[in-house]
1. How much of the DSSP bridge set in the chain is antiparallel, in percent, rounded to the nearest 5?
2. Using a/c under 1.5 as the rounded threshold, could you call the chain rounded, prolate or oblate? The axes a ≥ b ≥ c are square roots of the C-alpha gyration tensor eigenvalues, and prolate needs a/b larger than b/c, oblate otherwise.
3. Given +1 on the Cβ of Lys and Arg, -1 on the Cβ of Asp and Glu, and no further charges, what dipole in debye does region 3-128 carry about its Cα centre, rounded to the nearest 20?
4. May I ask for the angle, rounded to the nearest 10°, between helix 187-198 and the longest principal axis of the chain, with both axes built from Cα atoms and the value confined to 0 to 90°?
5. With each run of n ≥ 4 DSSP H residues scored as -39500 (n - 2.57), what mean residue ellipticity at 222 nm is computed for the chain after dividing by its residue count and rounding to the nearest 500 deg cm²/dmol?
6. Calculate how steeply helix 310-319 sits against the longest principal axis of the alpha-carbon atoms of the chain, using the helix alpha-carbon long axis, and give the answer as 0 to 90 degrees to the nearest 10.
7. In a Gaussian network model over the chain where Cα atoms closer than 10 Å are linked, find which of 226, 367, 82 has the largest mean-square fluctuation.
8. Counting Lys and Arg as +1 and Asp and Glu as -1, what is the net charge of the other residues whose Cβ lies under 13 Å from the Cβ of residue 251?
Amino acid sequence: MTQILTYEDPVGGARGWLAYDSTTGPLAAGGCRMQPGLTARELAALAERMTLKQRVLGLNVNGAKCGLDYDPRAADAKQVLSGFLAFLREELHNRFSMGSDMGTQWGELQHLAAAQGIPSVKYAIKKTQGLSDEAFFTRISLLEGRAGMLSLGQLRAGHVLAHAAIAAARAAGAGGKISVALQGFGTLGRAAACTFLNEGVRVTAIADEHGCVVDPAGLDLAGMLSSRPGSPVPHIDPAHARPAREALFDAPADVLVLAAAADALSAGQATALPFPAVAVGANYGLSETVEQELHRRGVLVLPDFIGGIGGSASMEVLFGPRTAPTVDQVLTHSAQLIRQLVDQLLTEARRNAETPRGAAMRLAARSVIDADAQPYGHCPYLVPSNA
């Protein structure tokens, strides 16, 4: 049963909401977004998608999502967000674990929460997981630890998406060095690109809202990642620029990774898409109709609540083990987790002659919330780190 808490800023009247997908269970988790035109209905749908991610992983966690109908670039955006966090104080202490989302940043959320007397926007984990303050902060501080070019907090979701894409490409028949076409070079896309670089994956095309860069031999990924975040992709590598972002869909690659917008492909584009596999990281990155068309053509598609599962998976890796992991262990175990999950998912899909989405929905349906159990430490794909 969905529960929605409604907020109105006392100064400017900005409206915000926290949507719980269910009122059962010890903990609910989800991001905070700030976006003009955001609605309670949209947040409720996103909370439902968050629940799917938790269920697929076998976590004792429900989905939630919160946000403000407000422009994050407005001069008073921080003040509006700060007031919203104050409104959510009791939820953040007791049952809501918040992350960043569109229009918000992890560090800013943490800073504004602390100013409101909230130790962390994920402090509810401390209570529901039965941790001391010391143990909680030891683990949550790992998100600030460096993992190459990015912090662990910045890298974790894209890292899992990248490994999901690699697993999909292998399952679709790719041998040798894998090639990738990447849609999106924002927070999620850049994080995925960092992992592709570290794993020796050849990225042949990257697109954003401004256009596309294409090089079948492989783009200079390290050079692109050294650019300022938010720079238009065609400006980062003008030698390989294409004016139309749709050029991405013609680039040769083993797997297409969708890390930005919803409904990235039309039904018409799906009829001629040249990739053997697609890994969706962005929420609602593909409609179910497009997924069905791609499946009909023999294209392997990992849906968004699998490719975009990295935030939830990393919390299991961080808080599930009896002893605190290191930054490297979080990354290693996250990669192991998603590879095992994708392997089981595709095995069941083949066995039952169904789409990966259908298999994932059945996996999710097997999970049952236990209101008396801890949120983390139950994932069946993470045996090594729970030992």
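1. Details: 19 of 45 bridges.
Bridges in the chain that DSSP calls antiparallel: roughly 40 percent.
2. In terms of gyration-tensor shape, prolate.
3. The calculation lands at about 460 debye.
4. Helix 187-198 and the main axis of the chain meet at about 60 degrees.
5. The per-residue figure over the chain is -12500 deg cm²/dmol.
6. Result, in degrees: 50.
7. With Cα springs under 10 Å in the chain, the top fluctuation among 226, 367, 82 is at 226.
8. -1
Where a number appears in this text, it was derived from the coordinates with a stated rule and is not lab data. Worth saying up front: this structure is predicted, and the values here are computed from it rather than measured. Glycine also receives a Cβ, built like all others from the backbone with ideal geometry; neighbour counts cover every protein chain displayed.
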